[in-house]
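The values are calculated or read from the model by the stated rules, or taken from the named source; none is laboratory data. This is a predicted model, so every value here is computed, not measured. With ideal geometry, Cβ positions are generated from the backbone for all residues, glycine too; neighbour counts draw on all protein chains shown.
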Amino acid sequence: MNGLDYLVIACYIIGFLLLGRLFKGSESGSDYYLGGRSFHWFPLSLSTAATQLSAISFISAPAFVGLKDGGGLMWLTYEFAVPLAMLFLMVYLIPPMFKMGIVSVYEYLENRYDASTRVLLSIVFQISRGFATSVMIYTVALILTSVMAIPMWVTIILIGVVTLIYSYQGGMKAVVYGDVIQMIILFLGIIICLGYGLSLIGGWDAFVADVDPNRLTAVDFSSLGFNEGEEFGFWPMVIGGFFLYASYYGTDQSQVQRLFSAKDLPTVKKALLCNGLMRFPVTVTYCIMGLVIGTLVVKVPEFQKMIPADKPDLMIPIFIREYLPHGIIGILMVAIFSAAMSSLSSTINSLSAATVEDIFNRKKDLPTETYMKYSKYSAIFWGVFCIVFAFFTGDIAKTVIEAINKIGSVFYGPILGTFICAIGIKRTNFIGANAGILVGVLVNVYLWLYCPQVFWFWWNAIGAVVTVLVSLIVSSFIGQNNKEIPEVNAEKLDLGKAGILILAFISFILISIYLVNIF
C-alpha cells in the first residue's frame with residue numbers, strides 16, 4: 001500500500017464520522033433504536049444484506065469455494081432456505097410483534113408469558129452476540145494486518161472506535177444508511193476482484209478451461225447429514241436452514257430491530273421479500289470470484305507460495321495486495337472495513353436496545369432523558385466490550401468462530417420454538433415455555449457432545465421441534481396460561497409475494513444444479 005491507498009481509507013473513515021454527526025440528535029428511544037419508524041423497504045433490505053455479507057463472508061467464503069480442501073460451490077446451499085424463511089416470517093412471526101410497537105423482540109415473550117423468559121433470552125443474546133462480534137473484529141484485523149503495514153492493535157482500534165462513534169451519535173439511522181453505503185462499496189469490491197482475477201487468468205474461456213471441476217458441484221441429494229463427514233447435503237441445508245434463518249431473521253434482536261424500524265407492515269413485507277431474493281445473486285457473485293481467484297492460485301505458483309497452507313483465508317487479502325493497482329487496493333481495504341463496520345454497528349445498536357429495554361426499562365417507567373442517557377452509555381459499554389475482547393481472542397479465533405456457529409445452532413431452534421408457541425399456540429404457559437427452552441437446548445448440547453454424526457444444521461430443526469413438544473406437554477400438566485395471548489388479527493397470505501418466494505426457492509436450486517453446465 002502507498003499514500004494513495006491510505007488517503008482513500010482516511011477519506012472513508014472521516015466520511016463515516018460525519019455520517020454519525022448528520023443523524024445526531026435523537027430525542028427518544030424510538031428515534032435512537034428504530035429511526036422513528038420511518039424507514040422504507042429498500043434501505044432496510046440493503047442494511048440487512050450488508051450485515052449478512054460480513055467481512056468473514058467476503059474473505060472466508062471465496063477461500064472455501066476456491067481453495068479450501070473439500071470446498072466448492074456447495075456453499076450455495078446455505079442460501080436455499082432463505083426464501084422459505086422469509087415467507088414464514090412475513091405471514092406468521094413478524095406481524096404480531098410489529099403491531100405491538102415493541103423495541104426489543106424479547107418484550108413479546110413477557111407480554112405473552114413472563115419476565116423470566118424475556119430476560120433469560122435477552123441476556124443469552126447479549127453475551128453471545130458481544131463475544132461473537134469481538135471474534136469477528138479480531139479476525140478481520142488479523143487479515144487486514146497481513147496487507148496493511150500497520151500493527152494489528154491499530155486496526156482493531158480503527159474498526160472499533162470509528163464504528164462506535166458514528167453508531168453512538170446517530171443511532172439506527174446512522175446504522176441503516178451507513179449499511180447502505182457499505183453494501184454498495186462491498187459489492188463493488190467483489191466485482192473489482194472478479195474482474196481483475198479474470199483478466200489475470202486470461203479471460204472467461206481460460207478460466208473455464210482451468211477451473212477445478214470438483215469444485216463445481218453445488219447440490220448433493222444423497223447426503224442426509226446423519227453420518228460423520230456428511231455436510232452440505234440438500235435436506236439438512238433446506239430443513240435445518242429454514243429453522244436457522246427463521247430464527248435469526250425473526251427472533252434475533254440485531255436483525256428484527258431493522259424490521260421494527262419500518263414505517264408500516266407492508267414495508268416490512270417488501271423488505272423481507274427483497275431479502276429473500278437479494279442474497280442468492282450476491283452469494284453467487286462472490287462464489288464465482290472465489291473460483292476465479294482460486295484458479296489463479298493454482299496457475300501461478302508464486303501466488304500459491306504466498307498463501308500459508310493452514311491459512312487459506314488469506315487468499316483474497318494477498319490477491320488484493322499483490323495484484324491490484326494502488327488506489328484500488330485502498331478501495332478494497334475500505335470494502336473489508338465496510339463489512340466489519342456494518343456487522344459491528346448493528347451489533348452495538350441492538351445490544352444497547354436489548355440492554356435498555358429488557359433490563360432497565362422493562363416497566364416502561366424511565367423518563368426520556370434518563371432513557372437516552374442509558375442508551376448512549378450502553379452503546380459505549382458494548383462497543384468497548386467488543387473492542388477489548390477482540391484483543392483477548394488471540395490465536396484461538398479460528399476455532400472460536402467455528403464453535404460460535406455451532407453455539408448459534410444450539411440456541412436458534414429452541415428460541416424459534418418458543419416464539420412459535422407464544423404467537424400461535426394458546427395452550428402453552430410460561431412454565432411450559434421455559435421448560436421447552438431448557439430441554440431443547442440440552443438436547444442440542446447432547447447432540448453436539450455425543451452425536452457428532454448429526455450435522456449441526458439439523459440442531460436448528462431438532463431444537464425447535466423438541467421445544468414446542470415439551471412446552472405443550474408441560475403446559476398441559478400445569479394448566480392454562482395465566483396471561484391472555486396478545487390479540488392479533490391473522491395476516492392474510494399475499495399470494496403474489498408467496499408465489500415469488502416459492503419460485504425463487506425452486507429457481508435457486510435449479511440454477512445451482514445446472515451452474516456446472518455454464519463452466
Scanning segment 219-254 for residues that are at pLDDT 90 or above and among the small types (Gly, Ala, Ser), which turns out surrounded by the most Cβ atoms within 10 Å (Cβ to Cβ)? 247
Only one of 315, 289 is in contact with a Leu (Cβ under 8 Å, 6 or more places away or on another chain) and either outside any helix (DSSP H, G or I) or within 30 Å of residue 42 (Cβ to Cβ) (or both), namely 289
Could you tell me whether residue 317 is under 19 Å from residue 336 (Cα atoms) and either surrounded by fewer than 20 Cβ atoms within 10 Å (Cβ to Cβ) or hydrophobic (A, V, I, L, M, F, W, C) (or both)? no
Residue that is farthest from residue 383 (Cα to Cα), among those in segment 319-371 that are outside any loop (DSSP other than H, G, I, E, B) and without any contact (Cβ under 8 Å) to a residue 60 or more places away in the chain: 322
So which pairs qualify, if the first residue must be in segment 91-105 and under 26 Å from residue 496 (Cβ atoms) and in contact (Cβ under 8 Å) with a residue 60 or more places away in the chain, the second must be assigned to a helix (DSSP H, G or I) and not hydrophobic (A, V, I, L, M, F, W, C), the Cβ gap must be under 6 Å, and the two must be at least 6 apart or on different chains? 93/250; 97/108
Search segment 163-184 for residues being surrounded by fewer than 21 Cβ atoms within 10 Å (Cβ to Cβ) and among the hydrophobic types (A, V, I, L, M, F, W, C), and hand back the single one that is farthest from residue 352 (Cα to Cα). 184
Looking only at segment 429-455, how many residues end up being in contact (Cβ under 8 Å) with a residue 60 or more places away in the chain and either out of contact with any Asp or Glu (no Cβ under 9 Å at 6 or more places or on another chain) or surrounded by 15 or more Cβ atoms within 10 Å (Cβ to Cβ) (or both)? 7
Within segment 52-89, work out how many residues are within 23 Å of residue 258 (Cβ to Cβ), touching an Asp or Glu at 6+ places or on another chain (Cβ under 9 Å) and buried (at least 23 other Cβ atoms within 10 Å of the Cβ). 0
Of all residues in segment 129-156, which are out of contact with any Phe, Trp or Tyr (no Cβ under 9 Å at 6 or more places or on another chain), buried (at least 17 other Cβ atoms within 10 Å of the Cβ) and aliphatic (A, V, I, L, M)? 132, 136, 142, 143, 147
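Look at residue 268 and say whether it is under 25 Å from residue 313 (Cα atoms), touching a residue at least 60 places away in the same chain (Cβ under 8 Å) and either part of a helix (DSSP H, G or I) or in contact with a strand residue (DSSP E or B) (Cβ under 8 Å, 6 or more places away or on another chain) (or both).
No: the conditions fail for residue 268.
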Residue by residue through segment 409-438, note down the ones that are in contact with a helix residue (DSSP H, G or I) (Cβ under 8 Å, 6 or more places away or on another chain) and among the charged types (D, E, K, R). 427
With respect to residue 163, is the statement that it is in contact (Cβ under 8 Å) with a residue 40 or more places away in the chain, of a type in the set (Ser, Thr, Tyr) and closer than 19 Å to residue 318 by Cβ true? no
In this structure, does residue 243 turn out to be closer than 19 Å to residue 461 by Cβ, aromatic (Phe, Trp, Tyr) and in a loop (DSSP other than H, G, I, E, B)? no
Could you tell me whether segment 136-143 includes any residue that is closer than 26 Å to residue 344 by Cβ, aliphatic (A, V, I, L, M) and at pLDDT 90 or above? no
